[in-house]
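The block underneath contains the structure these notes are about, expressed in structure tokens.
The values are calculated or read from the model by the stated rules, or taken from the named source; none is laboratory data. Keep in mind it's a predicted model, so treat the numbers as computed, not measured. FYI the Cβ positions are ideal-geometry reconstructions off the backbone, even for glycines, and counts take in every protein chain you see.
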Amino acid sequence: MNDPELDVECTSIHFPAAWMDVETVDGHGWTMLHCAAFHGRLGCVQVLLRWGLRIEDVDKSGNTAVHLAAMEGHLPVLQCLIIQHQTPLLLLDTPNDLGETPESLAKRFLKEDVSGYIETVKKEHGLRPVDEVRFFATAFPAHSAAYDGDLTTLRTLIEEGVIKVNERDEQGSTPLHKAAGQGHVKIIHWLLENGADPSITNHLGERPVDVARRFGQSAAIEPLKVRNSNSMISEKMPGFLEGEPEPEVIFDKETALDRARRRIDKFQRLLDLAKSDYKQLGGEPEPEELRIQCEIRENENELESCKVGLEYERLRREKLEALLDESRREITKLNAKLSAYSSEQKPTEIGSAKESDKRKQKSKCQTRVKRRSVSSESSFRDSDQNILRAKRMN
């Protein structure tokens, strides 16, 4: 791992010159910072930190770059990472998916200089080493007891019915997974005798025997072998050398989707928090955010103008309704006057009609009299003429 031929330092111009995306993640969930910390490349770590990579980013096993540097014993890299972080104690006490902190990894892989440095950092901040503190207030006490090798506490919790023997934690691991990863053979035998299922897999698709192989716990492998419906677990299943990155574990699609959703939610919360901090520090909003804000302001202005127009139309409608009511009242008054006038004019019209009839009858009588007088006169004239004619003839 520390071949001098491979110990090439990075500079700030290497990444842009190679057109590289420093946010790239490989199949194990490792960022470039994980790789640099794992291989002890201090110069690359410093450049990547200047380029904005985050120390708290985790891989698929929950390991930060600090976990990998502590596990491999790269003290200068670990010191650089701790100095660059604002809350080093939180960084050192952050466990991975198996509940291991950087200090516990350094002790398990016998990196004494690293574990000593971590203890010194904690003492300087007023804390005792982790192995001197016992935290009993935990959400998964049986897992903690199995991890620590505390068979008495584990037996009490299970026999009293406080927890179930196959209870899972947030990573899907059972107490048997924790005991297998630490090689506690007595606890493994006791759990198996009390109904622990060695075929249960965690969110990474690992059974307890897989965890034991990954951490090199050869004594814990034999009691964990189980026969399923297909075949016996092969003893030649490839293990992992000290510090060797494990191959990507294949697991079912639903588990993968659930894990991906949880990671997306986590990153979204971190992104929102980072944006809020950026704004509070006086940072300029992003173009997309500015566009959204402009659209919101335009929509608010349009909404306000619509409200003003609606209020104007409401007042106008009320005025028109008042005018309509007044017109209706005026029409009612005019109708009443018209009715009264009609009732007054009706008797006069009747009287004039009678007088007209009388005049017509009178004129008719006069006409008849005239006609009679004319006819009588003509008859008298005729009779006189006849008398004269008769006298002449005689």
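List of remarks:
- Annotation note: Cβ proximity below 7 Å between a residue of the range 188-200 that is in the same structural domain as V211 (by TED's automatic domain parsing) and small (G, A, S) and a residue that is modelled with pLDDT under 90 and surrounded by fewer than 16 Cβ atoms within 10 Å (Cβ to Cβ) (sequence gap 6+ or interchain) occurs for S199/V226; S199/N228.
- Residue match in the range 254-262 (condition: in a helix (DSSP H, G or I), touching a His at 6+ places or on another chain (Cβ under 7 Å) and at pLDDT below 75): yes
- Matching residues, the range 76-114, being in contact with a His (Cβ under 8 Å, 6 or more places away or on another chain), among the charged types (D, E, K, R) and at pLDDT 85 or above: E100
- Of the residues contained in the range 315-326, none is found to be modelled with pLDDT under 70 and not polar (S, T, N, Q).
- So R269, is it more than 21 Å from the chain's Cα centre (by Cα), modelled with pLDDT under 85 and part of a helix (DSSP H, G or I): no
- Scanning the range 205-225 for residues that are in a loop (DSSP other than H, G, I, E, B) and surrounded by 24 or more Cβ atoms within 10 Å (Cβ to Cβ) returns a single hit, E206.
- Screening L110 against (1) in a helix (DSSP H, G or I); (2) more than 32 Å from the chain's Cα centre (by Cα) leaves a single unmet condition, (1).
- Filter pass, E284 being more than 20 Å from the chain's Cα centre (by Cα) and modelled with pLDDT of 90 or more: no
- Failed condition for L191, given (1) on the phi < 0 side of the Ramachandran plot; (2) in a loop (DSSP other than H, G, I, E, B); (3) crowded, with 18+ Cβ neighbours inside 10 Å: (2)
- In the range 33-57, the residues that are within 21 Å of L270 (Cβ to Cβ), touching a Ser or Thr at 6+ places or on another chain (Cβ under 7 Å) and crowded, with 20+ Cβ neighbours inside 10 Å: I55
- Residue count for the range 162-216, restricted to those that are aromatic (F, W, Y) and modelled with pLDDT of 85 or more: 1.
- Within the range 175-188, being small (G, A, S) and outside any helix (DSSP H, G or I) holds for one residue alone: G183.
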